[in-house]
Amino acid sequence: MKNYQNLTLLGTSHIAKQSLLEVKKFILEEKPEIITLELDRGRLYGLLNKRKLKLNDIKDIGIRGFVLNLIGAYVEKKLGKLVGVNPGSEMKLAFKLAKENKIQIFLIDQEISITLKKLIKKFTLKEIFRFMADLFKGFILRKNDIEPFDLRKVPEEELIIKVIEKVKERYPSIYEVLIKERNEYMAKALYKIMDDNKDKKILSIMGAGHEKGVYEILTRI
């Protein structure tokens with residue numbers, strides 16, 4: 001968790017029970033007046049209505065984007081089953097509590113179709129083959145690179161930094177599009193919300209992998 005002016009950044013794991021507890025505790029105890037979520041309208045709708053990708057989505061995100069999305073959703077779902085938490089449950093809970101407590105909600109992430117189109121353009125064949133090989137092995141990190149961690153908890157910042165550095169090294173396109181560019185997009189959206197609501201307490205809920213990057217960008221704007 002990081003604080004900057006009237007903003008609190010709460011980094012979560014989309015499948016961690018700890019994140020559900022932290023989201024609920026902060027909203028009910030700190031009573032923020034604005035909540036922002038690392039979602040766009042399409043992803044929020046899919047989360048609330050359990051919508052899955054369909055074949056006609058190919059026209060919006062392309063075949064490679066469709067396949068990448070399916071793979072990502074499959075991996076997240078499998079990890080979620082291991083800990084008994086559906087992916088994105090903390091976002092869904094935050095939305096529900098915001099509605100119940102009449103808290104203003106902002107969605108600050110880039111549209112998923114735009115993100116996937118950018119990724120497809122930059123994703124090289126070398127990265128694709130490396131990604132598939134790593135996926136086949138089970139995980140992108142070798143045993144000796146990172147100590148095992150509890151999926152029920154949000155990873156420590158030191159571990160998150162190591163994971164991001166590993167992604168940056170092995171998949172520069174994924175790092176550029178899914179992490180760096182989205183950090184910049186969300187930081188700019190947050191800056192505007194903060195500037196328009198200087199007297200209000202704001203809570204921003206995002207994946208722990210974005211928290212540090214977004215915070216650093218905000219402090220430089």
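What follows draws every value from the coordinates through simple rules; no lab data is involved. Computed from a predicted structure; not experimentally measured. All Cβ positions, glycine included, derive from the backbone under ideal geometry; neighbour counts span all protein chains shown.
Of the listed peptides 116-129, 25-38, what is their order by residue-averaged count of other C-beta atoms within 10 Å, with the highest listed first?
Averaged packing, sorted descending, gives the order 25-38, 116-129.
With each label point set 7 Å from Cα along the Cα-Cβ vector, what nm distance links LYS126 and TYR45?
Placing both labels 7 Å beyond Cα along the Cβ direction yields 3.9 nm.
Could you tell me the calculated FRET efficiency between ILE114 and LYS192, based on Cβ-Cβ distance and R0 = 22 angstrom, to the nearest 0.05?
Efficiency, rounded to the nearest 0.05: 0.75.
Simple spin-label model, 7 Å along Cα-to-Cβ: MET1 to LYS200 in nm?
A separation of 2.1 nm, rounded to one decimal place.
Going by how many other Cβ atoms sit within 10 Å of their own, how do ILE202, ILE103, ILE161 line up, fewest first?
ILE161, ILE103, ILE202
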